[in-house]
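The values are calculated or read from the model by the stated rules, or taken from the named source; none is laboratory data. Just so it is clear, the structure is predicted and the values come from calculations on it, not from any experiment. Because the Cβ atoms are built from the backbone with ideal geometry, glycine has one as well, and the counts that use them run over all protein chains shown.
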Amino acid sequence: MIAAVILAAGAGKRMGGPKALLQVEGETLLQRAIRAAQGAGCDSVSAVMGDWDPGVVDPAVRLLRNPDAAEGMASSIRIGIGALPPEVTAVLLLAVDQPAVDAILLRRLLALAEADPERPAACAYGDSLGIPAVLPRRLFPALLALRGDRGAKGILLREQTAPLPFPGGGQDLDTPADLERFRR
């Protein structure tokens, strides 16, 4: 059983508000990420959010509040991993601010992870590895030990992670200018 955890708690200081609520092509970035995870066939989808109203969200999606969102990404990862039921064998971590992520990419990533379930699989871009990434249950303790504004990259780099080329992975939406470039 593979569960998706969408990291969406950031305040979006440089953006001027939560990135998850930004509208792109008629839906919020949170809704886009949910649609991609569901379309990829994840068994469950959770979204870790800050202290804001997400608007209308599919009732099948579990919304998790992160009261410590100011700490950084690690706190959201800990909340998402900590909420997973014991039958989950792997987690797909993804963020709302990578607009090139879609169900097709996530299906390819899940298939790569399925080929060797004990090995993480991650997107490769910018000469490194990053999210979206699938991490097996054996790495949950390492994810729960993360602190500060750190994500899973360190874990992915020290494991024998299976890479999935993702040229659009480096494009994320951090500023209003990034959003305008993407909309064009």
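Structural remarks
- Looking across the stretch 16-44, the residues that are outside any helix (DSSP H, G or I) and either small (Gly, Ala, Ser) or free of Cβ contacts under 8 Å to residues at least 12 places away in the same chain (or both) come down to Gly16, Gly17, Gln23, Glu25, Gly26, Glu27, Ala40, Gly41, Ser44.
- Checking each residue in the stretch 125-136 for being under 16 Å from Leu92 (Cβ atoms) and either modelled with pLDDT under 95 or among the aliphatic types (A, V, I, L, M) (or both) picks out Leu129, Gly130, Ile131, Ala133, Val134, Leu135.
- Inter-residue pairs, beta-carbon under 9 Å, first touching a residue at least 60 places away in the same chain (Cβ under 8 Å) and in the stretch 105-132, second of a type in the set (Val, Ile, Thr) and part of a loop (DSSP other than H, G, I, E, B), 6+ apart: Ile131/Val101
- The C-beta contact set for the stretch 149-161 (first residue under 12 Å from Ile77 (Cβ atoms), second residue among the small types (Gly, Ala, Ser) and part of a loop (DSSP other than H, G, I, E, B), distance under 6 angstrom, 6+ apart or interchain) comprises Asp149/Gly72.
- Restricting the first member to the stretch 70-82 and to residues that are in contact (Cβ under 8 Å) with a residue 40 or more places away in the chain, and the second to residues that are of a type in the set (Phe, Trp, Tyr) and outside any helix (DSSP H, G or I), no beta-carbon pair is closer than 7 Å while six or more apart or on different chains.
- Residue among Ala47, Ala113 that is in contact with a strand residue (DSSP E or B) (Cβ under 6 Å, 6 or more places away or on another chain), buried (at least 17 other Cβ atoms within 10 Å of the Cβ) and assigned to a helix (DSSP H, G or I): Ala113
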